Amino acid sequence: MDIRKQLEKRILIIDGAMGTMIQRYKLEEADYRGERFKDWHLDVKGNNDLLCLTQPHIIEEIHSQYLEAGADIIETNTFSSTTIAMADYEMQSLAYELNVAAAKCGRRAADKYTAQDPSKPRYVAGAIGPLNKTLSLSPDVNNPGFRALTFDEAMTAYYEQVSGLVDGGVDIILIETIFDTLNAKAAIYATKKYFQDTKKPELPIMISGTITDASGRTLSGQTLEAFYTSVAHAKPLSIGLNCALGAAEMRPHIEELSQIAACFTSAYPNAGLPNAMGEYDELPEQTAHFIEEWAEQGFVNIVGGCCGTTPDHIRHIADHVKKITPRPLPVLEEAL
């Protein structure tokens, strides 16, 4: 069922944090390795994407918990499933396989819940993270012109990721947690090129940036309006914000985005700001209260949670917005 039709009818719910849920399982090095990687020459604990191969039942179980809580869209566990990010573990050769496996985990869970209630179709979004290297900023303070990778290298890595996600059966390509718009442009270009090359029906693209502080700018220095203008050519299904901020801090930026975006808008904030221990204290009903107000003001079409959020957060959010009319798409004047 076309997700656009659903978005016209109601506010859709995207899931919460994957890493927060994985932590609850208290997995050890041996759990991450599984049988296949028991002799791997580097430690792999912390490589959450690898669990799609070694503990797929856990990933599918987490997806199911979010679907049970009311999520319409679940994100694949592929935030770092590129050759560039997997180089930390010397697992570059697994990138394509990780994406296929992760997409299948999500597909199984989503299809099960759609079958239970066909009037509420569930969608799998192939999550594409920002990379651990940036195209706009130098990692060397003494050499501002240095870059750790080229645009073509980033594009090639993203192309492989998109290929794996599509082959695994996702419904949407989600380019998320964008702090460097040039990285996002590489991902957009890779996605468009993949569908042109393969002649496959083009999947909708969701784009989600991250505002890193009170200045209202991305890490690479763009204002929200500049960021939107930079990626609007992709004609995304939705544009939004996630991560870095809690809902209270994100509100003015979501309000601004809702006024300039020609497409649907999304917002999935953290569960507040992290405490001194790096943990998140905001209770589900608190997060839901903030997001309910955004919905009542007509700011959003897709809402959910990022770092620190759990199925309880998603359940509360879904409950608070279920009777609220989604943000109407603006009527744009035709250019003369």
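Values in this text are rule-based calculations from the coordinates and carry no lab data. All figures in this text were calculated on a predicted structure; none of them were measured in a lab. Reconstructed Cβ throughout: ideal geometry from the backbone, glycine too, with neighbour counts over all protein chains shown.
Close amide H partners of PHE264, meaning residues 5 or more places away or on another chain with modelled amide H under 5 Å apart, are ILE239. Rounded to whole numbers, the Karplus 3J(HN,Hα) couplings from phi for the range 10-22 are 7, 6, 8, 10, 9, 6, x, 6, 7, x, 4, 6, 4 Hz, using 6.51 cos²θ - 1.76 cosθ + 1.60 with θ = phi - 60°, and x at Gly and Pro. With neighbour counts taken as other beta-carbon atoms within 10 Å, the residues VAL300, VAL231 rank, fewest first, as VAL231, VAL300.
Neighbour counting of Cβ atoms within 10 Å sorts the residues SER208, SER119, fewest neighbours leading, into SER119, SER208.
Counting beta carbons within 10 Å around each of HIS316, HIS289 and listing the fewest first gives the order HIS289, HIS316.
For the range 61-68, backbone phi angles converted through the Karplus equation (6.51, -1.76, 1.60; θ = phi - 60°) give residue-by-residue couplings of 5, 5, 4, 5, 5, 5, 5, 4 Hz, Gly and Pro being listed as x.
What the phi angles of the range 44-58 give under the Karplus curve with 6.51, -1.76 and 1.60, with θ = phi - 60°, is a coupling list of 10, 4, x, 7, 4, 5, 4, 4, 5, 9, 9, 9, x, 5, 5 Hz, glycine and proline written as x. Among the trypsin sites (Lys or Arg not before Pro) found in the range 160-240, those both in a DSSP coil and sparsely packed, with 12 or fewer other Cβ atoms within 10 Å of their Cβ, are LYS199. Amide H contacts of ASP15 (H built 1.01 Å from N, in plane; Pro and chain starts excluded): ILE73, GLU75 sit under 5 Å, all sequence-distant by 5 or more or on other chains.
Taking Cα centroids, how far is the range 275-336 from the range 132-165 in Å? So the two Cα centres are separated by 31 Å. Ranking THR229, GLY246, THR287 by Cα position along the charge dipole of the range 183-317, where only Lys, Arg, Asp and Glu carry charges on their C-beta atoms, puts THR229 farthest toward the positive end.
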